[in-house]
Structure formats: C-alpha cells, structure tokens
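The values are calculated or read from the model by the stated rules, or taken from the named source; none is laboratory data. In this text the structure is predicted, and so the values were computed from the model without any measurement. Cβ placement follows ideal geometry from the backbone for every residue including glycine, while neighbour counts extend to all protein chains displayed.
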Amino acid sequence: MRLISGSARLAGVTGWPVSHSRSPRIHNSWLARHGIDGTYVPLPVRPEDFAAVIPALAKAGFAGVNVTIPHKEAAFAVCTRVDDLARRAGAVNTLIFTDHGIEGRNTDGYGFVANLRAHGVNPAAGPVLILGAGGAARGIGAALQDEGANITFTNRTPERAAALAAALPPAKVLPWESREDALSGFALLVNTTSLGMVHEPPLAMDLSRAAPGLAVADIIFAPLETQLLADAKARGLKPVEGLGMLLHQAVPGFEAWFGMRPTVDEELYRIAAA
Ligand code: ATR
C-alpha cells in the first residue's frame with residue numbers, strides 16, 4: 001500500500017463534472033511507479049465557484065491543477081502569466097502555483113503533437129486539414145503551426161472557421177461541404193469535432209479520396225477506436241488515436257508539480273483505457 005506523508009505534493013483536476021476524467025488514474029499511476037510522495041485528486045468545481053476555488057487551492061498548498069471542461073477559458077483569466085500556446089489558444093489546461101503567482105499553460109497542443117510523433121507522423125510533412133473550429137481546434141492548430149505545418153480549418157458553421165483562421169494566420173478555410181473532395185491535397189486529417197464520440201452523432205467523412213499514407217488523427221478517445229480511425233485503418237492509412245494525446249498532455253504538468261518527467265508507455269495506455 002502506498003501512503004502519503006504530511007508533506008505530500010498535491011495536484012488535481014478541476015472540472016464540472018469531473019467524474020469521467022482519466023487524469024487521476026494517469027497521474028497516480030506515475031506517482032506510484034516512481035514512489036513519489038504525492039497525490040492527484042478529482043476536484044468537482046461549479047463554474048460560478050471556479051475563480052474563488054483556484055486561489056484557495058494555491059493557499060491550501062496545492063502545487064497546481066489541470067483544468068478541464070468547462071473551465072479552460074476561465075482558467076486563462078485567473079493566471080498571473082501564461083505561455084505562448086495558452087495565449088494563442090485562449091485557454092489554459094494546466095495551472096502551476098508558484099511564489100510569484102499562477103502560471104498557466106496549454107499542453108493540449110503539445111500532447112497532440114507528441115502523440116503524432118509517437119506514431120511516427122511528422123506534423124509538417126504536408127498540408128493539414130482540421131475538422132472543427134472550437135477550443136480544441138484552436139489549441140491544436142497553434143501547436144501544429146509552431147511545428148511548421150500549413151493548416152486549413154473546415155467547420156459546419158463557416159464563420160467560426162473564418163474567425164479561427166484570422167486568429168491564426170496564415171491558416172486557410174475550406175467549406176465544410178468540400179472536406180471530402182479536397183482530401184487528396186492533405187497529408188494529415190484531424191478531427192476536433194465531437195462527432196463520433198459516444199452519445200454523439202457519427203462523423204460523415206468519406207476517406208475514399210485520401211492520398212496514400214494520409215495520417216488520420218482523432219482527438220476522441222471514447223470509443224478508443226472511432227469509426228473515422230477504423231475507416232482509416234481499413235484503407236491502409238495511418239490512424240492516430242486520441243488517448244495518446246491525453247497521456248502526452250499530462251507529462252508537462254506532472255513534471256512541473258512533482259519534479260520528474262514521466263514517460264508514456266503501453267502500461268499507461270492500459271491503465272488509462274480501462
Ligand atoms: P471544443 O472547445 O471542445 O472544441 P466546441 O467549441 O463545442 O468544443 O466545438 C465542437 C466542434 O464540433 C465545433 O467545431 C462544432 O461545429 P460548429 O462550430 O458548427 O458548432 C462541431 N460539431 C458539433 N456537432 C456537429 C455536427 N452535428 N455537425 C458538424 N459539426 C459539429
């Protein structure tokens with residue numbers, strides 16, 4: 001049995017609801033593996049309480065917290081300083097409490113890119129088509145641009161894609177209706193919409209015009225293999241599953257709070273997928 005002491009390091013995940021979060025499993029598995037005196041807890045925080053709870057957690061000795069839906073934009077506002085990706089994403093998923101205030105980072109895009117690389121996919125190998133224009137599309141788009149990728153957004157509501165492209169120049173936009181016909185011009189396809197997730201409608205995306213070797217990444221991890229990824233696999237394309245992004249985005253936070261950089265391996269996949 002692993003016990004914590006009176007000087008244990010504390011971290012957690014704030015969300016509403018938070019019971020579905022896999023982050024406690026991920027971080028506590030690393031803590032156990034490395035014998036670190038610390039713990040990581042789920043913190044259900046109502047939206048109206050978020051701004052008061054965060055400084056209180058810092059005062060209560062927490063090293064920091066992850067932030068999940070619906071608090072990622074509110075988290076941005078409580079920070080003393082934010083990193084470049086958080087600023088461009090307009091959202092924060094990792095808070096680090098320091099003597100100088102609250103530092104905010106966005107590691108979602110980092111996690112996405114690290115997961116691509118773990119699958120042997122070069123993010124800048126060719127043009128990238130991003131389905132969706134919400135917060136996830138924004139964070140991933142900014143991180144891909146940092147890797148030198150040339151990105152195009154397509155979204156059901158075209159105004160949102162246009163606004164996102166304008167915020168991340170020189171990103172381009174494509175009409176939602178053209179996403180299948182235009183597919184042959186891309187090396188990487190990324191689904192950031194909620195379509196294909198359990199309890200959500202399916203994503204209509206015919207991959208028949210894909211160029212050989214197209215990498216197809218989905219950020220959805222429930223189910224672990226979405227229809228999009230199954231279609232990509234069946235066509236001999238390169239599927240990149242969403243759970244890896246979640247595992248990799250956790251690495252920088254863990255390192256900041258607990259002082260060592262953990263690794264993402266098969267065992268962690270099994271624990272997080274269970
Ligand atoms: P997040 O911040 O997690 O990315 P979001 O802002 O709610 O979440 O974005 C969800 C994305 O899924 C959006 O791009 C949304 O398209 P709209 O901007 O047109 O709403 C997309 N989406 C959700 N349901 C959809 C549907 N039935 N058809 C097409 N796109 C859909």
Just give me the residues in region 235-272 being without any contact (Cβ under 8 Å) to a residue 12 or more places away in the chain, within 27 Å of Leu188 (Cα to Cα) and not in a loop (DSSP other than H, G, I, E, B), in sequence order.
Glu266, Arg270
Six or more apart or on different chains, Cβ under 8 Å: which pairs go from a residue in region 31-55 that's in contact (Cβ under 8 Å) with a residue 12 or more places away in the chain to one that's part of a helix (DSSP H, G or I) and surrounded by fewer than 14 Cβ atoms within 10 Å (Cβ to Cβ)? Could you list them?
Ala51/Ala77
Of the numbered conditions (1) in contact (Cβ under 8 Å) with a residue 24 or more places away in the chain; (2) not in a helix (DSSP H, G or I), Ala161 satisfies every one except a single condition; which is it?
(2)
Would you check which residues across region 115-134 are surrounded by 20 or more Cβ atoms within 10 Å (Cβ to Cβ) and either assigned by TED's automatic domain parsing to the domain that holds Ile69 or part of a helix (DSSP H, G or I) (or both) and list them?
Asn115, Leu116
Consider region 66-83. How many of its residues are in a strand (DSSP E or B) and buried (at least 16 other Cβ atoms within 10 Å of the Cβ)?
3
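This table checks each residue for (1) within 12 Å of the ligand (Cβ to nearest atom); (2) outside the structural domain of Ala143 (by TED's automatic domain parsing); (3) under 24 Å from Gly120 (Cα atoms); (4) buried (at least 21 other Cβ atoms within 10 Å of the Cβ).
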| position | (1), (2), (3), (4) |
| --- | --- |
| Leu164 | yes, no, no, yes |
| Ala167 | no, no, no, no |
| Pro175 | no, no, no, no |
| Leu189 | no, no, yes, yes |
| Pro201 | yes, no, no, no |
| Gly213 | no, no, yes, no |
Checking Thr152 against (1) in contact with a Cys (Cβ under 9 Å, 6 or more places away or on another chain); (2) assigned to a strand (DSSP E or B): exactly one of these is not met. Which one?
(1)
Quick check, is Ala63 away from the ligand (no atom under 16 Å from the Cβ), surrounded by fewer than 19 Cβ atoms within 10 Å (Cβ to Cβ) and on the phi < 0 side of the Ramachandran plot?
no
Odd one out for Ala86 among (1) in a strand (DSSP E or B); (2) under 15 Å from the mean Cα position of the chain (by Cα); (3) closer than 19 Å to Thr14 by Cβ:
(1)
